[in-house]
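Student: Pasting a structure here, questions to come.
Read the figures in this text as sums done on the coordinates, not as results from a lab. This one's a predicted model, so the numbers in the text were calculated from it and none came from an experiment. Cβ coordinates were reconstructed from backbone atoms using ideal geometry, including for glycine residues, and neighbour counts include every protein chain displayed.
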Amino acid sequence: MFDFLRQEYAAARLRAMKGRLIDKTKFSKLAGAKSVSEIANLLEGTEYEAVFYHGKEKDITGIENELDKIFVGLLEKIKGFYYGKEKEILNTFLKEWEIKNLKLLIKSILAGEDWSGFLIPMKGMEIESLAKSKDVEDLTNKLKDTDYYEPIYSGYRKIDQFGASIVDFHLEVLYSNMFSGVMREAKEKEILRSYLKTRNDFVNLRNISRSIIFKKDLSEFFLQPSNVRREWFKLTSVEALFEKLRSIKFGVKDLTSLEDDTLFEMALGENLEREVLRFLRMSPFDTGLLLYFLITKRNEINRIKIINKFVREDLDRKDLKVLLGLKE
């Protein structure tokens, strides 16, 4: 009885949050904003309001970092609503942000620059200690008792051969395996498998694109499950890859955009948005509702990031409306 009531409470809280998501009408107004102050006014009453009112002096990256902190804080908050499988799903979503932090730390160490101000604070992750690492070896040693030690150690040994992105590939394999572990334990396997499959599709496409550009065989980093095929890593041109994508009716228009983290997430989010209503119908009170909200909320934040960039850099609003999926 207690478990049922707790599940009902969590579902009620999520449905209330779902009701506060920004609608297309508001996004259309945001897309027409002339300044950061106007964005702040339009976002009045939302959790984003303070980011823009108090962040007018921050650059684009600084604003994006604050928006990411909101999302991670929300993950932690929602985790408190749940127990059991949903809590494990949320823990895995949080692991993705730990991995983002580690990728940024490694890149900052290799660049010889301090980017610690852009790390996202995480419960249980000793950010300050990790940020003081002298080199990648020192960072790796600090992670010796975690799941991150082996992929970072393995990737770092191959940097001379493949470049710094090799560590990212190893960490992506780890994350996919982590999510697969949660998927095996949950009853809503179809929902979780569909989410992971779409996510893996995009990571695989990004890596196949890199294989073609740099003429390196990256097939060892092929992620499963995926609609993309391992043999596509042997393709020698982007045109040939698009031909394969057409054969599976996969919706991606520009592979170069997958190198930009925000555009990568937006493209992934657009494809997932086609699935979220199905998730919600299949599981309206637990896993389906949870994934519907998390995916839709993340898409909302990424759209705000893109709007901020276009407004600050005074870019063509027609292009912005295309990115946001808004009609003229």
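Student: Loop-only check: which chymotrypsin sites (Phe, Trp or Tyr not before Pro) in region 84-119 are DSSP coil with at most 16 other Cβ within 10 angstrom?
Tutor: Filter output for region 84-119: 115.
Student: Where does region 86-184 land on Rg/Rh, using Cα atoms and the Kirkwood Rh?
Tutor: Answer for region 86-184: 0.96.
Student: Something else: Consider just the alpha-carbon atoms of region 1-118 and return their Rg together with their Dmax, both in angstrom.
Tutor: Over region 1-118's Cα set, Rg and Dmax evaluate to 17.9, 56 Å.
Student: Still on this model: When the gyration tensor of region 137-223 is built from Cα positions, what are the square roots of 5 times its three eigenvalues, in whole Å, from largest to smallest?
Tutor: In descending order, the three semi-axes are 25, 20, 7 Å.
Student: Starting with the fewest neighbours, write out 315, 255 ranked by other beta-carbon atoms found within 10 Å of each beta-carbon.
Tutor: Ranking 315, 255 by Cβ neighbours within 10 Å, fewest first, gives 315, 255.
Student: Cross-link partners among lysines for residue 158, C-alpha distance below 25 Å, same-chain residues fewer than 8 apart left out?
Tutor: Within the straight-line limit of under 25 Å, residue 158 reaches these lysines: 95, 100, 103, 107, 132, 134, 142, 144, 215, 216, 234.
Student: Whole Å is fine, so just give me how far the alpha carbon centre of region 126-176 lies from that of region 200-267.
Tutor: Here the two parts' Cα centres lie 24 Å apart.
Student: Let me have the relative contact order for the chain, percent, based on Cα pairs under 8 Å that are six or more residues apart.
Tutor: Rounded, it is 19 percent for the chain.
Student: Ok, one more. Can you give me the Cα centroid spacing of region 270-286 and region 20-58 in angstrom?
Tutor: Centre-to-centre (Cα) distance: 27 Å.
Student: Same structure, new question: Do you know the relative contact order of region 1-134, to the nearest whole percent, from alpha carbon pairs under 8 angstrom that are 6+ apart?
Tutor: 18 percent
Student: Can you tell me what the convex hull of the Cα atoms of region 211-328 projects to on average, as an area in nm²?
Tutor: Result: a mean projected hull area of 9.4 nm².
Student: While we're looking at this one, here's another question. Per the Kirkwood formula on distinct C-alpha pairs, the Rh of the chain is how many angstrom?
Tutor: Value: 21.2 Å, from the Cα pair sum.
Student: Okay, next question. At most 14 other Cβ atoms within 10 Å and a DSSP loop assignment: could you name the trypsin sites (Lys or Arg not before Pro) in region 179-218 that fit?
Tutor: Filter output for region 179-218: 187, 215.
Student: Based solely on its DSSP helices, what 222 nm [θ] is calculated for the chain when runs of n ≥ 4 H residues each add -39,500 (n - 2.57) and the sum is averaged over all residues, nearest 500 deg cm²/dmol?
Tutor: -22000 deg cm²/dmol
Student: Also: For a footprinting-style exposure proxy, rank 82, 149 by other Cβ within 10 Å, fewest first.
Tutor: 149, 82
Student: For a footprinting-style exposure proxy, rank 170, 54 by other Cβ within 10 Å, fewest first.
Tutor: Going from sparsest to densest Cβ surroundings: 54, 170.
Student: Percent relative contact order of region 86-184, based on C-alpha pairs within less than 8 angstrom and at least six residues apart?
Tutor: It rounds to 27 percent for region 86-184.
Student: Which of the aspartates and glutamates could be linked to residue 318 by a straight reach, that is with a Cα gap under 14 Å, when you skip same-chain ones fewer than 8 residues away?
Tutor: 328
Student: Averaged over every viewing direction, what's the projected area of the C-alpha convex hull for region 224-268? Give it in nm², one decimal, please.
Tutor: Seen from a random direction, the Cα hull of region 224-268 projects 3.5 nm² on average.
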